[in-house]
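One structure is given below, encoded as structure tokens.
The values are calculated or read from the model by the stated rules, or taken from the named source; none is laboratory data. Bear in mind the structure is a predicted one, so any value in this text is a computation, not a measurement. Here the Cβ positions follow ideal geometry from the backbone for every residue, glycine too, while neighbour counts run over all protein chains shown. The protein model used for the area step is the full one, side chains on, heavy atoms only, and it has no ligands, DNA or RNA in it. Shrake-Rupley method; radii C 1.70, N 1.55, O 1.52, S 1.80 Å.
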Amino acid sequence: MAEHFANQGKEYADSRPTYPPQLFQFIASKTPSHHLAWDVATGTGQAAKSLATLYENVIATDASEKQLEFAAKLPNIRYQHTPSTMSMTELEQLVSPQGTIDLVTIAQALHWLDLSTFYKQVNWVLKKPHGVIAIWCYTSPSINDAVDALHHTLYSFDARPHWDPRRELLEDNYRNIDFPFEPVEGVDHTGPFEFEAETVMDVDDFLNYIRSRSGYQISKNKGVELLKDDVVEKFKLAWGEDGKKIAKFQVYLRIGRVRDA
């Protein structure tokens, strides 16, 4: 995963959405204790900084040192560079000992991980029986009909041949991804639960969002430029004269608790 995002840390930090407060309030309401959260594949800390308002301490890890350079620094967040694959010994040394974490989160990145190994680690570090795991993904931003149509063509046809195959798991919004956890208190299923995120963008922000994607980086490494001058001009024309627009992202949450010890 790290190699797909090594060269666009600034674009990622500047263009990725801030998740809605309602998402974190819902998640936090399902953990009896709010002492320690672990944000996996934190990137530039979009989720970690929100978790830090609800949990006393946050450990935010990522395999990309470049991404962590641009992460939001807060006194109760400990950013930690980790190897792409961690042993259980490394997990205890770099993250936390067994049974000490209230919440594990991973935003827009679960599909990059080896699920069997990751879930074993989650079950090891979470408190039992009330430790919670929350994973979520989000859709492409919606701007207006003209921009959305151009983006759909770029995303679904031009960029798709350059996707890492693991990214296909995002296409059904994690509905069918393996998620071997019990429903949290107050609900009878593990999701997905839907939320909406909004951010303000101008056309340059939007283009940087496209550049922050793994598929764009993979294609560029192959010598293919998805945002050629004529494509950029089409986006600018579709954007119109209004500089700033509201971009809406649909967020899909899966949430569950560890099974009783």
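Multiplying the residue separation of Asn76 and Lys220 by 0.36 nm and removing their Cα-Cα distance gives an extension gain of 48.1 nm. The phi torsions of the stretch 130-140, fed into the Karplus equation with coefficients 6.51, -1.76 and 1.60 and a -60° offset, translate into couplings of 10, x, 10, 10, 10, 10, 8, 9, 9, 7, 5 Hz, rounded to whole numbers, with Gly and Pro shown as x. Taking amide H as placed 1.01 Å from N in the peptide plane, Ala60 has its amide H under 5 Å from the amide H of Asp39, Arg78, Tyr79, Gln80, each at least 5 places away in sequence or on another chain.
Pairwise Cα distances in the stretch 47-110 exceed 18 Å for 36 percent of all pairs.
Taking amide H atoms as placed 1.01 Å from N in the peptide plane, the amide H of Gly99 lies under 5 Å from those of Val125, Leu126, each 5 or more residues away in sequence or on another chain. Here the 3J(HN,Hα) profile of the stretch 238-252, calculated from phi with Karplus coefficients 6.51, -1.76 and 1.60 at θ = phi - 60°, is 5, 5, x, 7, 5, x, 9, 9, 8, 9, 10, 10, 8, 10, 10 Hz, Gly and Pro shown as x. With 23 Å as the limit, write out which pairs from Lys49/Lys244; Lys30/Lys120; Lys49/Lys248; Lys228/Lys248; Lys73/Lys128 have Cα-Cα distances beyond it, or answer none. Cα-Cα > 23 Å for Lys49/Lys244; Lys228/Lys248; Lys73/Lys128; rest within. Of the residues Gln250, Met86, Pro75, the one whose Cα sits farthest toward the positive end of the charge dipole of the chain, with +1 on the Cβ of Lys and Arg and -1 on the Cβ of Asp and Glu, is Met86.
Taking 7 Å steps out from each Cα toward its Cβ at Lys66 and Thr100 produces label points 3.2 nm apart. To put it simply, the accessible area of the chain at a 1.4 Å probe is 49 percent carbon and sulfur.
Normalised by the number of residues in the stretch 100-178, the mean separation of alpha-carbon contacts (under 8 Å, six or more apart) gives a relative contact order of 38 percent.
Computed from backbone phi with θ = phi - 60° and the Karplus coefficients 6.51, -1.76 and 1.60, the 3J(HN,Hα) list for the stretch 188-198 is 10, 8, 9, x, x, 9, 9, 9, 10, 10, 10 Hz; x is used for glycine and proline. Computed on the chain, with alpha-carbon pairs under 8 angstrom and 6+ residues apart, the relative contact order is 25 percent.
Across all C-alpha atoms in the chain, the radius of gyration and Dmax reach 18.5, 59 Å. Between His34 and Lys128, the FRET efficiency estimated from the beta carbon spacing at R0 = 25 angstrom works out to 0.90.
Here the scattering of the stretch 54-171 is modelled by Debye summation over its C-alpha atoms, one equal scatterer each and no solvent; at q = 0.14 Å⁻¹ the log10 of I(q)/I(0) is -0.75.
Proximity of backbone amide H atoms, modeled 1.01 Å from N, is registered between Gly131 and Val258 at under 5 Å, excluding neighbours fewer than 5 places apart on the same chain. Here the average projected area of the convex hull drawn through the C-alpha atoms of the stretch 144-213 stands at 6.8 nm². Solvent-accessible surface of the chain, averaged per residue with a 1.4 angstrom probe and all protein chains in place: 46 square angstrom.
Calculated [222 nm] ellipticity per residue, helices only, for the chain: -8500 deg cm²/dmol; basis is -39500 (n - 2.57) per DSSP H run with n ≥ 4, divided by all residues, nearest 500.
For the pair the stretch 224-259 / the stretch 81-140, the C-alpha centres are spaced 28 Å from each other.
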